[in-house]
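So the structure is just underneath, and the comments pick up after that.
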Amino acid sequence: MALKRKQPGDTSELENVFRSAPIEDRSSKFIGYFSPTLTPKELQELAEIQGASHKILGWRRESNQQSITKATRYITGSDDDGEKYGGKKVEKVLELSRAVGACVVARWYGGVMLGPARFTHIETCAQEAIHRWEDHQVEERAKRQKIANEEAERGRLVKTLEDRDNSIVVLRTLALEKEQAVTAEKPSSTEQTSKSAVTASRTQVQHTPDYGAMQLERLRALDKARDATLSFLLKRIDKAEAALAASKAASVEKPP
């Protein structure tokens, strides 16, 4: 889990610190802490581990020196803090994980010597703390990708809805004209209806919603609604055209 940086009046700990689950063995307790941003000293001075018997430290950071091959070089180091050879174990875990940052494994000594088992616990805690950070990185990348995808979808929907609104105006006008043609007794009636339809359509265009200010879910719902409206208008046009065709056919067949 990540701990947050202290703010004035805030009781939270330093941010961007990831810790392992505790390991308890014969009264000793081990917890690993990893940070990609804190300095080794800052991580060792984390408030919650100041009561630990040993704060075993390892670090790995990029070197400022340029290599001939231009490959990134790293500087590593460690501090046993009284747990002999412990620092090198943490340092080795950082190298194998290719993690850049500082890692501390805090040990609260319970009075019983653990022998080589303590090194296994140190390595396990260091690995888990680093894995917690790696998992967090994956989650953050997924969140950023989701946001980017949603923004791209929003942009597409805004453009699509604007285009569909224009298409709806045109199709609605056409549908009204064809329907009027089916029932019209005089050409003037069709012309008047067409003018009224165009006027109504223009009025509707002037009141186009501000799609750019809408949430994604609302845009998705409107997109489906506009699609249904377009389908409905096309059916109206097809129906009117079929009626007109039938009317013309009937007039042709009528005897003189």
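The values are calculated or read from the model by the stated rules, or taken from the named source; none is laboratory data. Note that this is a predicted model, so its numbers are computed, not measured. Backbone-built Cβ (ideal geometry, glycine too); neighbour counts: all protein chains shown.
Whenever a residue of the range 234-249 is without any contact (Cβ under 8 Å) to a residue 40 or more places away in the chain, it has no partner that is hydrophobic (A, V, I, L, M, F, W, C) lying with C-beta atoms less than 8 angstrom away and at least six residues away or across chains. Pairing each residue of the range 18-30 that is part of a strand (DSSP E or B) with any residue that is among the basic types (Lys, Arg) and modelled with pLDDT of 95 or more, provided the two are 6+ apart or on different chains, yields C-beta distances under 6 Å for Phe18/Arg132; Phe30/Arg107. Quick check on the range 165-192: of everything there that is more than 23 Å from Lys224 (Cβ to Cβ), surrounded by fewer than 15 Cβ atoms within 10 Å (Cβ to Cβ) and of a type outside the set (D, E, K, R), which residue is modelled with the highest pLDDT? Here the answer is Thr183. Taking the range 71-122 as the range and being small (Gly, Ala, Ser) and closer than 17 Å to Gln44 by Cα as the test, the residues that pass are Gly77, Ser78, Gly82, Gly86, Gly87, Gly101, Ala102, Ala106. Return the residue satisfying two criteria in turn: it lies in the range 72-96 and is more than 15 Å from Ile122 (Cα to Cα) and either of a type in the set (S, T, N, Q) or touching a helix residue (DSSP H, G or I) at 6+ places or on another chain (Cβ under 6 Å) (or both), and of such residues it is surrounded by the most Cβ atoms within 10 Å (Cβ to Cβ). That would be Thr76. Of the residues making up the range 46-66, those that are surrounded by 10 or more Cβ atoms within 10 Å (Cβ to Cβ) and farther than 16 Å from Pro36 by Cβ are Ala47, Glu48, Ile49, Gln50, Ala52, Ser53, His54, Lys55, Ile56, Ser63, Gln66. Just wondering, is there one or more residues in the range 144-164 that are in contact (Cβ under 8 Å) with a residue 40 or more places away in the chain and either over 30 Å from Arg226 (Cα atoms) or in contact with a Cys (Cβ under 8 Å, 6 or more places away or on another chain) (or both)? The answer is no; no qualifying residue exists.
Do we have Thr69 as polar (S, T, N, Q), outside any helix (DSSP H, G or I), without any contact (Cβ under 8 Å) to a residue 60 or more places away in the chain and surrounded by fewer than 17 Cβ atoms within 10 Å (Cβ to Cβ) here?
yes
How about the range 45-66: which of its residues are over 14 Å from Gly86 (Cβ atoms), modelled with pLDDT of 85 or more and part of a loop (DSSP other than H, G, I, E, B)? The answer is Glu45, Leu46, Gln50, Gly51, Ser63. Here Glu83 clears all of (1) out of contact with any strand residue (DSSP E or B) (no Cβ under 8 Å at 6 or more places or on another chain); (2) part of a loop (DSSP other than H, G, I, E, B); (3) of a type outside the set (Gly, Ala, Ser) except the condition numbered (1).
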